[in-house]
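Right, one structure below, let's go through it.
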Amino acid sequence: MLGLMQDVPLTVDRILDHAAAWHGTRELVSRDAEGRVTRSSYAAVHADAKRVSNALSDAGIRLGDRVATLAWNSARHLAAWYGACGMGAVLHTLNPRLYLEQIAYIANHAGDRLLIADPACADLVAQLLPQVPSIERVIFFCDRASLPETPYPATAFDDWIAGYPAEYRWGGFDERTACGLCYTSGTTGNPKGVLYSHRSNSIHALMTLQRDALGLCARDSVLLVVPMYHANAWGVVYSAPAVGAKLVMPGQRMDGESIYNLIEQEGVTYSAAVPTVWQMLLQHMRDGGHRFSTLERVTIGGSACPESIIRAFRDDYGVDVIQGWGMTETSPLATVSVPNASVAAKPADEQIAYKLKQGRLLCGLDLKLVDDEGRRLPHDGKTPGRLMIRGETIASAYFGGEAGDVLDAEGFFDTGDVSTLDAEGYMQITDRAKDVVKSGGEWISSIEIENIATGHPAVALAAVVGVAHPKWDERPILLCQLKPGASADAEGLKAYLTDRIARWWMPDDVLFVDEIPLGPTGKIDKRAIRAGLTGYRLPFEAAR
Ligand code: ADP
């Protein structure tokens, strides 16, 4: 017997419809390419999104066609996003921080027909166009006055949509229709496309809105630092309008001062970003002796959050840090480090150990740990294993069938992460499978050593990689980027690590570098580090 409830397809356009109807005057604040701060509202973005749908339709874009954006966060970007999804096109976010060759590969693979870019990307687009013949037209997110001069035809976004009506009938298709395409940064092999559906993104938005997840609400002012081209800005592109939260978008300026000023000027209560952004902000706060007047909580994800950041936010500024874990393939949010009842009952200092974990699973998802043969491992908080996940917001395959069948016999997706799961249900990432340091048959967690090393007062960033060793297979070495003006030596760092890590985890060498390379999403780029270490010899070899 079927239930007798209304059967309304879960399509994402309904989220912006809701925001416009019930939170229409709620503000959207963006810093544009010229650095100006502009103000809009959900009602205005909704109207523009409808105009975009008309303009796309006129340009011959149909159900399933890919419309690409190459841009930072802005109200115009949001209008293009919903305009494309609402009419059944697939919004494909390209990451402007990738290399030209990668962007060209991705745009070709996706078969993008239309490209809407930030004016700051004009030169990049000029190099891209000859390599991506499928792109028929280029639009820039700007008004006519800011339209860049280009050797190819281009239209200003405002002009492009100006003549069209703010009415368009959105939806009317299956909720499993594709609505978004985002490529993983391809730290192994070529980038692969994750194809979100209206249904998966709608469900993900609802899942992340729980109080035990991102917990956004109508009273929040949300600073969206995490870029829209990075897995739906962790779903906030959907969850903020769903509850009518104010959205503040920093454009391209991610330095500590710009971020701090926006937080204060716009009464920001919540923000989400990768650890490196928070590190810059905290440095700016310390240097200038600043305080937050409205910020309550921040979500940190994308890479492991060092304890020093959690403590600084909590103890120095009264801001709660919530660590989240996920990946492009998981929409992205899957676990969140919010305390359960028994953790909340522990003394504040003991709770930190749980905040350092990647957290508890959102309802609707399922996790397991397996060994290299696919056998289940215990959830004892100690045994590391390959982390496998399944659920309605998890990829079942890659766009174009890349990498073939990606699910195991039970329908679990291999995250490529190595982690533990404890009896409280907390998951803790110990490594990316490919970054694990294998020493004497045992796994050393590079992430744990990095977290501890970053707690040293002189260290700005730390990275641990494995180097081949004739007896132990691999031994860890530690690379440190010091804070400006700070000094430290290898012995001092090792002394700091002693008692904080197991003896056999002690890095064989400590190297001080001017800059630890970061990838396009702000994560430490271990592939680049390894490439830079060609010819490196461990101290015992060098001494021979
Ligand atoms: P990739 O970096 O592999 O291209 P994503 O940008 O989707 O792809 O990043 C997903 C990966 O980022 C995860 O598999 C995990 O290794 C890492 N990650 C995400 N959040 C966290 C976190 N809170 N702690 C540690 N690692 C994290």
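Rounded, prolate or oblate: pick one for the range 82-201, where a ≥ b ≥ c are the square roots of the eigenvalues of its C-alpha gyration tensor, a/c under 1.5 means rounded, and failing that, prolate if a/b is larger than b/c, else oblate. It comes out oblate by the Cα gyration axes.
Protein heavy-atom accessible surface, 1.4 Å probe, per residue over the range 254-434: 38 Å².
Starting from the residue with the highest accessible area, list THR328, THR25, THR383 in decreasing order, probe 1.4 Å.
Details: THR328 15, THR25 130, THR383 40 Å².
My answer, sorted largest first, is THR25, THR383, THR328.
Per-residue counts of other Cβ atoms within 10 Å, averaged by peptide: what ranking do you get for 265-275, 368-378, highest first? Intermediate results must be reported in sequence, preceding the final value.
Values: 265-275: 21.9, 368-378: 13.1.
Those peptides, ordered most packed to least, come out 265-275, 368-378.
With the highest mean first, a sort of the peptides 198-207, 84-93, 212-221, 347-356 on other beta-carbon atoms found within 10 angstrom per residue produces 84-93, 198-207, 212-221, 347-356. Summing Lys and Arg as +1 and Asp and Glu as -1 over all other residues whose Cβ lies under 15 Å from the Cβ of GLU515 gives a net charge of +1. Extent of the range 89-133 along its three principal axes (Cα atoms, max minus min coordinate, largest first): 25, 18, 17 Å.
Counting only heavy atoms of the protein chains, get the accessible area per residue of the range 1-143 (1.4 Å probe) and round it to a whole Å² value.
Working: 5760 Å² over 143 residues.
Heavy-atom SASA per residue in the range 1-143 reads 40 Å².
Taking the Cα atoms only, what angle lies between the long axis of helix 75-86 and the longest principal axis of the chain, rounded to 10 degrees? Once rounded, the angle reads 70 degrees. Measuring nothing but how far apart in sequence close Cα pairs (under 8 Å, 6+ apart) lie, relative to its length, the range 154-203 scores a relative contact order of 31 percent. Could you tally up the Lys pairs in the range 435-542 with alpha carbons closer than 22 Å? Skip any pair fewer than 8 positions apart unless they're on separate chains. Lysine pairs meeting both conditions in the range 435-542 amount to 9.
Return one quarter of the surface area of the convex hull spanned by the alpha-carbon atoms of the range 365-428, equal to its mean projected area, in nm². Can you show the working numbers first?
Values: hull surface 18.0 nm².
With the hull built on Cα positions only, its mean projection is 4.5 nm².
Solvent-accessible area per residue in the range 435-542 equals 49 Å², computed with a 1.4 angstrom probe and all protein chains kept.
Seen against the Cα atoms of the chain and their longest principal axis, helix 100-110 is set at about 60 degrees.
A cysteine counts as unpartnered when no other cysteine's C-beta lies under 4.7 Å of its own; in the chain this applies to CYS121, CYS142, CYS182, CYS217, CYS305, CYS363, CYS480.
Averaging sequence separations of C-alpha pairs under 8 Å and six or more residues apart, then dividing by the length of the range 435-542, give the relative contact order as a whole percent.
On the way: 170 pairs, mean separation 25.1, N = 108.
Relative contact order, the range 435-542: 23 percent.
When its C-alpha radius of gyration is set against 2.2 N^0.38 Å (N residues), the range 254-434 gives a value of 1.14.
May I have the count of lysine pairs in the range 254-434 with C-alpha atoms under 17 Å apart, counting pairs 8 or more residues apart or located on different chains? Before the final figure, lay out the partial values.
Numbers: LYS346/LYS355; LYS346/LYS357; LYS355/LYS382; LYS357/LYS368; LYS357/LYS382; LYS368/LYS382.
Taking the Cα cut-off of 17 Å, the pair count is 6.
Per residue, the average separation of C-alpha pairs within less than 8 Å and at least 6 apart gives the chain a relative contact order of 10 percent. Within the assembled protein chains, the solvent-accessible surface assigned to ASP315 is about 90 Å², based on a 1.4 Å probe.
Over the chain, what percent of the accessible surface lies on carbon and sulfur atoms, probe 1.4 Å?
Values: 11270 of 22480 Å².
So the carbon and sulfur contribution to the accessible surface is 50 percent.
Counting only Cα atoms, the size of the range 435-542 along its three principal axes is 38, 33, 26 Å, in decreasing order.
Per q in 0.09, 0.11 1/Å, what log10 I(q)/I(0) does a Debye calculation on the alpha-carbon atoms of the chain return? Once normalised to I(0) and log-transformed, intensities are -0.67, -1.01.
The values are calculated or read from the model by the stated rules, or taken from the named source; none is laboratory data. As the structure is a computational prediction, the values presented were derived from the model and not from experiment. All Cβ positions, even for glycine, are placed from backbone atoms using ideal geometry, and neighbour counts span all protein chains on display. Note: accessible area is taken over every heavy atom of the protein model, side chains too, but ligands, DNA and RNA are not part of it. Shrake-Rupley method; radii C 1.70, N 1.55, O 1.52, S 1.80 Å.
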